[in-house]
Amino acid sequence: NSLGDVAFAVTYSRHHMLAKGNKSARPRFHVFFPTALCNDANSHKAIKQKIHKELPFFDGNALDASRFLFGCPSDVFLHEGSLSIEDWLTLMKSNRNIPQGQRNSTMSRMAGKLVKRFGVTEESYQKFLEKAAECEPPLPDEELETIWHSACKFGKKVTSQEGYISPEAYGKQSLIPDDFSDVGEARTFVEGFSDEVAFTIATDYLRYNGTYWEESEHAVTLAMIEHTDIQLAEAEKQVEASLLKLESLGVARDAAINGGKKFRDSLDEEQIAAYKEYQYYATFKAFVMKYRHVRSMTNALDAAKPLVLHNPEALDSNPMLLNTPGGTYYLPEGLNGWKPTDPADLLTKVTAVVPSDAGKDLWGDALQVFFCGDQSLIDYVQMICGLCIVGKVYLEAMIIAYGDGRNGKSTFWNVIYKVLGSYSGNISADALTVNCKRNVKPEMAELKGKRMIIAAELQEGMRLNTSVVKQLCSTDPIFAEKKFKAPFHFEPSHTLVLYTNHLPKVGASDDGTWRRLIVIPFHAKIQGSKDIKNYTQHLVDNAGGAVLSWLIEGARKVIAANYQINRPQCVLDAIGAYREGNDWLGNFINECCEGDKSYQEKSGELYRHYREYCLENGEFVRSTSDFYSALEQAGYKKKRTASARLILGLQIKFDFLD
């Protein structure tokens, strides 16, 4: 099965399934691979060594250039295939390559595992460099050094903890369970992987991949497979050592393996003690083999859940930490706040890039275009965006980026969205409107731990659901549930951004609602036939590091300002115009009514004319209770007489009556 579509032939050895020397009976055979013509002994030997590296079940003592094979009368088994062994080796190497996008996380995880298993040693560092050779394209040396340095710091922290078990003692103390059961296996698994496996009722299993905690049952199952790999290697080592001990005491290997009452009765006291040791390790090996079956593995993982249980609120709980592929940043200190990634921080998110100065001028030029050279607006937006990457709500508001098409608003926000990686998320724009009737709790659940949430493009004329906006922009806990998972609640950590060509209509006129709506105008007119296609990705690819640096510095500035951000005049004007355009009651009164202290109008007549006004202008018609409540909030008092209910201070214009 390992060789798939490789062509080869097999003949059985004359010692097939027979004991040979001090080795027990086992399968023995010779495999012949057709190769390209090779006249160089070293090249031929190199091919054998590569095969053995991929398939270590071949005899490691038979890797020289040529072997003398004794004849055997057995039949030849021919396996036809389209690949030569050289083709297969090339394919296996390409499959092992670590592609761009996975290099940092893979190498961080590998470094952590090596340090944990072998300590901070030259051996572990060389193994790290061997793994790094599989990166395609190669990671720069400085990035590899940063990853290794971070792992070493992590290793020193682990070794200083109470109860730390050295790598040398780990196999003896941690791999063999106290009892051979699901719980026993779960405990050994947790002892070995407690710093990279976690469970919560909201996420199920998570595994630390060297950079962040990843929600993945498959990754945790792989950890269990790795654990049983280590156990099996230890079991085989101990079984072999115990058999050698028996042989040194004059007990034949095959007799010990076969056992039986007659055999046990023939042993002296010292041999019995050695035999019991062998039986113990043989039982351990059989136990490990059982837990390499999927059902037993699943049982052990189920038993391990309470042992690595965390409160969902503990995930991403420090709002001042921003995780990147190259380490974690403490935002109050800006770019000077770097520290090595620590699994104890329980960070489940990571940015897509590391901060740098690469592309700084390109990003600066783009900002000048997006915001028409208005430096006060650029500074304001930097602090707003800096606030977006802080994991706590300090500004209970929705950011509305508004402007006609081709003004850069979608490009600007999508660049930030992509740079922030898994810290950014989406919510359907229609979920913010009164017309949304579907269950949005699964979407709400995905907001947990996010820093910036994007909603894109509302249709013209859509009405904002102010209660949903207040919920998404407040500091109150959000109740949500993932599909097929238990409901949970979390403290919001995100800033909500809507970019749109059409401002949504707002029915509420209270200050509480309008305090939550911030309009950032985009007035640029970006034209030209020679513009770069997919400018968003161009900025991410060529200035992503500079964008993240700009965001981190924005966070530092807004934290230093105690989250007080002065709005430039263009933002104040945009908010004022937006509110004025949505003053439905004021618009009706200005166009259809006259005001004076001496005026009064029947409430029913006033509402009837309001309704007609809305129908003529295609406006939403509010209920009588909303209408009268809005009048009262605007300062118009009600009066009741024997014949009618009156609204004081207003009357319908005569020209409107006509």
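Pairs are defined by a Cβ separation below 7 Å, a sequence spacing of at least 6 or placement on different chains, a first member in the stretch 282-309 that is without any contact (Cβ under 8 Å) to a residue 40 or more places away in the chain, and a second member that is assigned to a helix (DSSP H, G or I); the pairs so defined are Lys290/Ser296. Name every residue in the stretch 504-517 that is in contact with a Leu (Cβ under 8 Å, 6 or more places away or on another chain) and under 27 Å from Pro442 (Cα atoms), in order of residue number. Across the stretch 504-517, the qualifying residues are Pro504, Lys505, Val506, Gly507. Checking each residue in the stretch 318-372 for being farther than 29 Å from Ile520 by Cβ and of a type in the set (Gly, Ala, Ser) picks out Gly326, Gly327, Ala344. Return the residues of the stretch 588-633 that are among the aliphatic types (A, V, I, L, M) and under 30 Å from Thr500 (Cβ atoms); say none if nothing qualifies. Passing the criteria: Ile589, Leu615, Val621, Ala630. Taken over the stretch 455-469, residues that are surrounded by fewer than 17 Cβ atoms within 10 Å (Cβ to Cβ) and either in contact (Cβ under 8 Å) with a residue 60 or more places away in the chain or closer than 20 Å to Arg579 by Cβ (or both) amount to 4.
There is at least one residue in the stretch 352-359 that is more than 20 Å from Leu498 (Cβ to Cβ), part of a loop (DSSP other than H, G, I, E, B) and touching a Leu at 6+ places or on another chain (Cβ under 6 Å).
Check Tyr280 against each of (1) closer than 21 Å to Arg26 by Cα; (2) part of a helix (DSSP H, G or I) and name the one condition it does not meet. With (1) closer than 21 Å to Arg26 by Cα; (2) part of a helix (DSSP H, G or I) applied to Tyr280, the lone miss is (1). Determine whether Leu585 is of a type in the set (A, V, I, L, M, F, W, C), surrounded by 13 or more Cβ atoms within 10 Å (Cβ to Cβ) and either within 56 Å of the chain's Cα centre (by Cα) or over 30 Å from His502 (Cβ atoms) (or both). For Leu585, the condition - of a type in the set (A, V, I, L, M, F, W, C), surrounded by 13 or more Cβ atoms within 10 Å (Cβ to Cβ) and either within 56 Å of the chain's Cα centre (by Cα) or over 30 Å from His502 (Cβ atoms) (or both) - is met. Taking the conditions (1) among the β-branched types (Val, Ile, Thr); (2) over 32 Å from the mean Cα position of the chain (by Cα); (3) assigned to a loop (DSSP other than H, G, I, E, B) in turn, Thr513 satisfies each one other than (3). Condition check for Lys50 on (1) in contact with a His (Cβ under 9 Å, 6 or more places away or on another chain); (2) of a type outside the set (Val, Ile, Thr); (3) part of a helix (DSSP H, G or I): one failure, at (1). For the stretch 68-126, residues that are part of a helix (DSSP H, G or I), farther than 30 Å from Ser194 by Cβ, at pLDDT 70 or above and among the hydrophobic types (A, V, I, L, M, F, W, C) total 3.
Can you tell me which of (1) over 17 Å from Thr513 (Cα atoms); (2) in contact (Cβ under 8 Å) with a residue 24 or more places away in the chain; (3) of a type in the set (S, T, N, Q) is the one Asn582 doesn't meet? The failed condition is (1). Listed by first and then second residue, the pairs linking a residue in the stretch 257-280 that is assigned by TED's automatic domain parsing to the domain that holds Lys245 and over 17 Å from Ala235 (Cβ atoms) to a residue that is part of a helix (DSSP H, G or I) and β-branched (Val, Ile, Thr), with Cβ atoms under 9 Å apart and 6 or more places separating them unless they lie on different chains, are Arg264/Ile272.
Across the stretch 413-454, which residue is surrounded by the fewest Cβ atoms within 10 Å (Cβ to Cβ) among those that are of a type in the set (Gly, Ala, Ser) and in a helix (DSSP H, G or I)? In this case the residue turns out to be Ala431. For the condition in the same structural domain as Trp413 (by TED's automatic domain parsing), exposed (fewer than 13 other Cβ atoms within 10 Å of the Cβ) and over 30 Å from Tyr330 (Cα atoms), Ile532 qualifies.
The values are calculated or read from the model by the stated rules, or taken from the named source; none is laboratory data. Owing to the predicted nature of the structure, the values given are computational and were not obtained by experimental measurement. Here the Cβ is made from the backbone with ideal geometry for all residues, glycine too, and neighbour counts use every protein chain on show.
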